[in-house]
Amino acid sequence: MAYKDMRAFLALLEKEGQLKHVDVPIDGRRGSNELQSLMNYVCSKNGPALILNNVSGYNTQGVPIVFNPFGTRERTALTIGHRDWREAKLHHAAVLGDPSRWIPPKLVDRAQAPCKEVMIKGAENIALDQQLPHVWFGKEGPAYITNAITFSKDPENGGRNAGWYRFTQFRDATHPLGGSYPPERAKRDLAAFYWWNPPFSDIGRHTFKASQMGKHLEVAIAGVCEPAMHLAAATGCAYGADEAALAGGLRGEALEMVQCETVDLQVPATAEWVLEGEVIYEETEAIGWHSNPVGYYDRVQVFPMVRVKCITHRRNPLWHATMEMVPPFDHNYIGLLPVEAEVLADLRRKIPEVHDVAVTPNMCYVVQLSVDGAAKPHNEFGKYVIHAVWGSAGRWGRTAKLVVVVGPDVDPYDMDSVEWAIMTRWQPVKDSLVNPSGPPMVLDPSCEKSAQFGAFRSEQMGIDATIKIPERFTEYPEVSKADPAAVAAIAKKLAGVV
Ligand SMILES: Cc1cc2nc3c(=O)[nH]c(=O)nc-3n(C[C@H](O)[C@H](O)[C@H](O)COP(=O)(O)O)c2cc1C
């Protein structure tokens, strides 16, 4: 099944009792806001998606704020029509690994595109500080755009990229070094929050190539799109692959896209907002603080400007606001589903015994095998799998700081179960691999850093928690564990008593 737009997805959540409207006033001001606490509160209890109708201290009163739409594994699975997380992941991994299932987007006429219901064109008419919602989270200095997919083209061969990257807004933003921003920044500029030195992101390569050619990269930033497009944009596809066609494959139907007004790019026709502009690579600003997904504030980062020259949006548009912090937070799972699928799709092509890959919100990678002990294909099989994760395709597997490999009787989503396997099947010296020089998860504050480039190296560790037959033993004790069916039977027998 394919959703037409984010509104259709939200309507389904509401029908299922998974979305609530909040009219209680919520403070959205910089510094004193209630939004970080609200995110923690609803995400910690697997709470519903919210539509915040009454956020104060915010510049575009009347634009409802969509909050926590992806906050559970179940809701994230629903973005591509599944009720079950693992089924959604297997679906994603199968489509990702088979480009013949990708469906290229269909171009629709401008007049049929809801994203063009309101148009603001011409540099003199652009005032981002008034026309675009600004909401603050925690101690963040600026308000960030966190809901948008950026479309751009390789300046040499025209290949499209779509990625989910945030942007910094400058209205009322504090300067992290105590300086101030030129007033025109708040009106027309955003800071592009992606790492533009290759190979950190595909748009980074586009920006870099354009700068080498002395050109400003054209970008179209589409906010609050159809949810499969968001999932595809968060997926680390091979460079040159078209995420809009991946989205078509994931939803089983071509995505409708429309030509932009001032740049030679296309965007999803049912996006709530579209910002068209160019990356002015030679102008940069220091921005911060920014709350990151590993649970710390980045104090200062330097990013290039995007100069906006056209805004289009739907009538009565929605805005989705989310933040990152110590998990849990709203988009944990929509970030993790593609990471698990990327690594799973790649490992399964090479190693049929890989049954599942689960990545925790803190980015610990657990690989579950379908065999263990004597059924493993060869000695030291767990270590072979650890190396395969570090050499896997996609953006993330290679940065896995901690990989744990377990057998089929261990639940990779349950850290108690994983810990049990580690404590009873692993010896620290013989069953670990340590790589002193892996690529970093760039935000990990414990990684080695250079002044010029930030984190550039991470140490990595792999834990082989499989049963060491034949490596070390010829037999292993039987596991003492109650049978789930028997537990259900006793629960039924004692219903109302215990
Ligand atoms: C809500 C959300 C926000 C994200 N923000 C950023 C960001 O600001 N910068 C970035 O480089 N990646 C960000 N990511 C991760 C990228 O979307 C992801 O790595 C994706 O694969 C990038 O696309 P690319 O491989 O085409 O560059 C974000 C992901 C999500 C789900």
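The values are calculated or read from the model by the stated rules, or taken from the named source; none is laboratory data. All of these numbers come straight from a predicted model, not from anything done at the bench. FYI the Cβ positions are ideal-geometry reconstructions off the backbone, even for glycines, and counts take in every protein chain you see. Areas reflect the complete protein model, heavy atoms only, side chains present, ligands, DNA and RNA absent. Shrake-Rupley method; radii C 1.70, N 1.55, O 1.52, S 1.80 Å.
Quick look at the numbers
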| quantity | calculated |
| --- | --- |
| Debye equation applied to the C-alpha atoms of segment 351-484, log10 I(q)/I(0) at 0.11, 0.15, 0.22 Å⁻¹ | -0.41, -0.71, -1.35 |
| Gain in span if fully extended, K215 to H378, counting 0.36 nm per residue against the direct Cα distance | 53.4 nm |
| Out-of-range pairs (alpha-carbon distance over 27 Å; input K350/K481; K139/K449; K209/K449) | K350/K481 |
| 1.4 Å probe accessible area per residue over the chain, in Å² | 42 Å² |
| Difference of contour (0.36 nm per residue) and Cα-Cα distance, I351 to N316 | 7.6 nm |
| Unit charges on C-beta of K, R, D, E only; dipole of the chain, Debye | 240 debye |
| Estimated distance in nm for a label pair at N53 and F456, the labels positioned 7 Å out from Cα along Cα-to-Cβ | 5.4 nm |
| Alpha-carbon centroids, segment 159-218 and segment 98-157: separation in whole Å | 14 Å |
| Candidates per trypsin sites (Lys or Arg not before Pro) in segment 272-369, loop by DSSP, up to 13 other Cβ within 10 Å | R299, R315 |
| Beta bridges per DSSP with both ends in the chain, % antiparallel, nearest 5 | 75 percent |
| Segment 180-248, dipole about Cα centre (Lys/Arg Cβ +1, Asp/Glu Cβ -1), debye to the nearest 20 | 300 debye |
| Check: segment 16-62 dipole with +1 on Lys, Arg Cβ and -1 on Asp, Glu Cβ, in debye | 120 debye |
| For segment 19-128, alpha-carbon Rg and Dmax in angstrom | 19.2, 50 |
| Cα-projected label distance for A495 with V434, points at 7 Å along beta-carbon direction, nm | 5.5 nm |
| Two-decimal log10 I(q)/I(0) for segment 142-293, as the Debye equation yields it once each C-alpha is a single scatterer, q = 0.13, 0.14, 0.15, 0.20 Å⁻¹ | -0.59, -0.68, -0.78, -1.33 |
| Computed helical MRE - 222 nm, the chain, DSSP H runs ≥ 4 contributing -39500 (n - 2.57), nearest 500 | -7500 deg cm²/dmol |
| Reachable lysines, given that their alpha-carbon falls under 19 Å from the alpha-carbon of K45 and they are not under 8 places away in the same chain | K20 |
| Unit Cα scatterers, Debye sum, segment 6-320: log10 I(q)/I(0) for q = 0.08, 0.12 Å⁻¹ | -0.34, -0.82 |
| Charge dipole (the chain, unit charges on Cβ, about Cα centre) - positive-most of H355, L250, T174 | T174 |
| For segment 56-108: rounded, prolate or oblate by the Cα gyration tensor [a/c cutoff 1.5] | oblate |
| Listed pairs K121/K153; K383/K430; K4/K89; K89/K468; K106/K153; K4/K116 exceeding 19 Å between Cα atoms | K121/K153; K4/K89; K89/K468 |
| Sorted largest first, extent of segment 455-497 alpha carbons per principal axis (Å) | 58, 39, 12 |
| Separation of the D23 and K45 label points, Cα + 7 Å toward Cβ, nm | 2.1 nm |
| With every protein chain in place, the chain: carbon and sulfur % of accessible area (1.4 Å) | 53 percent |
